[in-house]
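So the structure is just underneath, and the comments pick up after that.
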Amino acid sequence: MLEPDITRKCVAALMAAGAVAGFSMLGTWWVSKSDPDPFSLRLDSPAPALTAASRLPAADAADPKPNGGGRARPAPPKTTLDEAIAGIAREPVSDWERRAFELEKDNVRLRGRLDDMLAWVLENVRGTYPLPEEFMAQLRLDATGDHLGVSDDLIALLRLNDDEIERVDDVLIGTREALWDIEADYIQVETPAENQVILNIPPHPVEGEELRLALYHQLERTLGQARFMRLLQVAEAGLDESFEYFGAVDRLLQFEAFNDESTGHPRLFVRDERLLPSRDDPGRLDIIASERVVTTLPGEYMRYWDWLPLAITRFAAQN
């Protein structure tokens, strides 16, 4: 699965963000220790800093009482604590104070980003349990579903969104139709009897390999390299089976209609045989064959309708 990559990236990002936040907070603390907040010092300074007398001209402050023969001067208005603080705030700020303020803003911004990242991790990773790579190497999934598009298992594993599902479905279905068109040019038909037909489909690996490469190219463009490689790891064998090994097999289909001896009811015998190069030894051919007796022509053989005689097509399901 992709979770190990996602988890490692998330943990690394969280550690980096935490480290930056830690350094910023350390810098703020160091600055505050090396140059205490001037505001706090001023607020704790003696009362004269907040008295009106300290704001009077020097001459007036030295002789606050009026002359005996003159008119008494009105008392200056008292300065409130808020006004004093506002006046202090308007005074020039040192470089250290400005730097401490900037570091604090950086801390706030980093904490916000860290919260967003944690929320993303909880939303996307919660409830999943990444498998170790040695287990992933043994995982095998079907590449396609009953609708011939991407399987539900792959959708869940690769976390495909609706747009990606549609694009992957289109390329899978388009590749399948192209393979069927090529296969139709190679089909050879034998009819030993009216109730029998044999379809021989010889290998066509050149055309099949071209379609395989085109399919892989489109899948990688849609999924990205990481998810595409994961798809091949768990579903490449399923792709080969679903797409008839991309023309590498020599296939033989045999159909025979007969009546059951015990009941007299019509039955259809179907043999499907494939010869394909072995994955372990390319010089060896593996035989994959199935035989069955049915009352209805299986749907997977409906695409060969044009090559089947009436004795066989009459077993098609009546809708």
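A few remarks follow.
- Residue that is in contact (Cβ under 8 Å) with a residue 60 or more places away in the chain, of a type outside the set (Ser, Thr, Tyr) and surrounded by fewer than 17 Cβ atoms within 10 Å (Cβ to Cβ), where the choices are 298, 309: 309
- Members of region 163-194 found to be over 17 Å from residue 235 (Cα atoms) and basic (Lys, Arg), listed by number: 167
- Qualifying residues in region 235-272 (those that are among the β-branched types (Val, Ile, Thr) and at pLDDT below 95) - the one nearest to residue 146 (Cα to Cα): 249
- Out of 310, 276, 285, sole residue that is touching a helix residue (DSSP H, G or I) at 6+ places or on another chain (Cβ under 7 Å) and of a type in the set (A, V, I, L, M): 276
- Selection status of residue 282, under 15 Å from residue 244 (Cα atoms), out of contact with any strand residue (DSSP E or B) (no Cβ under 6 Å at 6 or more places or on another chain) and not hydroxyl-bearing (Ser, Thr, Tyr): no
- Cβ-Cβ under 6 Å pairs, at least 6 apart or on other chains, region 229-255 side assigned by TED's automatic domain parsing to the domain that holds residue 144 and without any contact (Cβ under 8 Å) to a residue 60 or more places away in the chain, far side assigned to a helix (DSSP H, G or I) and surrounded by fewer than 18 Cβ atoms within 10 Å (Cβ to Cβ): 248/205
- Among the residues of region 138-152, just one is among the polar types (S, T, N, Q) and out of contact with any strand residue (DSSP E or B) (no Cβ under 8 Å at 6 or more places or on another chain), namely 138.
- Residue check, residue 280 outside any loop (DSSP other than H, G, I, E, B), more than 25 Å from the chain's Cα centre (by Cα), exposed (fewer than 15 other Cβ atoms within 10 Å of the Cβ) and not polar (S, T, N, Q): no
The values are calculated or read from the model by the stated rules, or taken from the named source; none is laboratory data. These numbers were taken from a predicted model, which means no experiment stands behind them. Heads up, the Cβs are rebuilt from the backbone with ideal geometry, glycines too, and the neighbour counts pull from every protein chain shown.
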